[in-house]
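Colleague: I am attaching a structure below and will ask some questions about it afterwards.
The values are calculated or read from the model by the stated rules, or taken from the named source; none is laboratory data. Quick caveat: nothing in here was measured; it's all calculated off a predicted structure. Every residue, glycine as well, gets a Cβ built from its backbone with ideal geometry; the counts of neighbours run over all protein chains shown.
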């Protein structure tokens with residue numbers, strides 16, 4: 001309990017999971033392979049965006065977009081997303097000042113753990129921030145760079161124009177691939193259930209909430225209703241485990 005003040009089952013000893021119906025259905029235990037997989041799909045769009053913006057800066061001598069992108073990226077995933085999204089996640093419930101999770105691993109934990117689900121404003125902010133980082137801002141800079149090359153075609157030529165278009169397409173494809181892979185393979189097992197991208201079925205959500213009293217009470221106070229049909233024997237087992 002010293003490392004798990006909210007008694008969240010994600011941070012309990014793995015022996016607690018024996019016989020749990022959620023085993024292999026939720027990513028509810030820290031797994032290095034899942035973390036590495038997340039980095040594998042998130043870095044390609046990030047790197048192509050940074051490289052493309054650096055090229056645009058070199059050609060146009062306009063460097064503020066890449067500076068703004070780097071600062072925004074660090075603020076987004078180091079502080080802002082932690083507040084709006086991560087602070088609601090069971091992984092955030094661990095004691096300590098550093099987040100140990102399957103995505104933003106290593107980020108500072110400035111805010112307190114908040115077991116309630118995300119509200120509408122927080123969900124909107126997540127959509128807005130993610131879309132800005134991975135789609136809107138990089139593509140806007142690429143568009144400016146391509147427009148600049150067209151206007152200055154005589155100075156840079158076809159190769160430079162086609163090269164930048166190629167990097168833009170690589171960024172767009174890798175960003176779409178990241179979003180699709182995340183939604184299909186990660187969000188379907190993520191225990192941050194109120195994230196706007198989460199697709200975990202309600203019966204699994206209800207089962208997890210029944211095993212974690214702090215979360216269940218916070219969710220029910222926010223208006224969430226557990227399906228009584230999904231309780232079964234898991235509900236009585238969860239009550240015993242929560243009290244231990």
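Colleague: Restricting the range 47-65 to residues that are without any contact (Cβ under 8 Å) to a residue 60 or more places away in the chain and part of a helix (DSSP H, G or I), which is farthest from residue 169 (Cα to Cα)?
Modeller: 64
Colleague: With the structure loaded, tell me whether residue 135 is touching a helix residue (DSSP H, G or I) at 6+ places or on another chain (Cβ under 8 Å) and in the same structural domain as residue 65 (by TED's automatic domain parsing) or whether it fails that test.
Modeller: Criteria met by residue 135.
Colleague: Here is a further query. Test each condition in (1) at pLDDT below 95; (2) closer than 30 Å to residue 211 by Cβ; (3) buried (at least 19 other Cβ atoms within 10 Å of the Cβ) for residue 69 and report the one that comes out false.
Modeller: Just one mismatch for residue 69, condition (2).
Colleague: So, one more: Name the single residue that is modelled with the lowest pLDDT among those in the range 117-136 being buried (at least 17 other Cβ atoms within 10 Å of the Cβ) and under 30 Å from residue 216 (Cβ atoms).
Modeller: Once the filter is applied, the top-ranked residue is 130.
Colleague: Still on this structure, please answer the following. Does residue 57 count as within 15 Å of the chain's Cα centre (by Cα), surrounded by 15 or more Cβ atoms within 10 Å (Cβ to Cβ) and modelled with pLDDT of 95 or more?
Modeller: no
Colleague: What residue, of 51, 80, 110, is surrounded by 14 or more Cβ atoms within 10 Å (Cβ to Cβ) and either within 18 Å of the chain's Cα centre (by Cα) or within 17 Å of residue 193 (Cα to Cα) (or both)?
Modeller: Being surrounded by 14 or more Cβ atoms within 10 Å (Cβ to Cβ) and either within 18 Å of the chain's Cα centre (by Cα) or within 17 Å of residue 193 (Cα to Cα) (or both) holds for just one of 51, 80, 110, which is 80.
Colleague: Here are 192, 198: which of them is surrounded by 13 or more Cβ atoms within 10 Å (Cβ to Cβ), within 30 Å of residue 209 (Cβ to Cβ) and without any contact (Cβ under 8 Å) to a residue 12 or more places away in the chain?
Modeller: 198
Colleague: Now for a different question. Return the residues of the range 69-126 that are touching a residue at least 60 places away in the same chain (Cβ under 8 Å), part of a helix (DSSP H, G or I) and over 18 Å from residue 187 (Cβ atoms); say none if nothing qualifies.
Modeller: Scanning the range 69-126 gives 69, 72, 73, 93.
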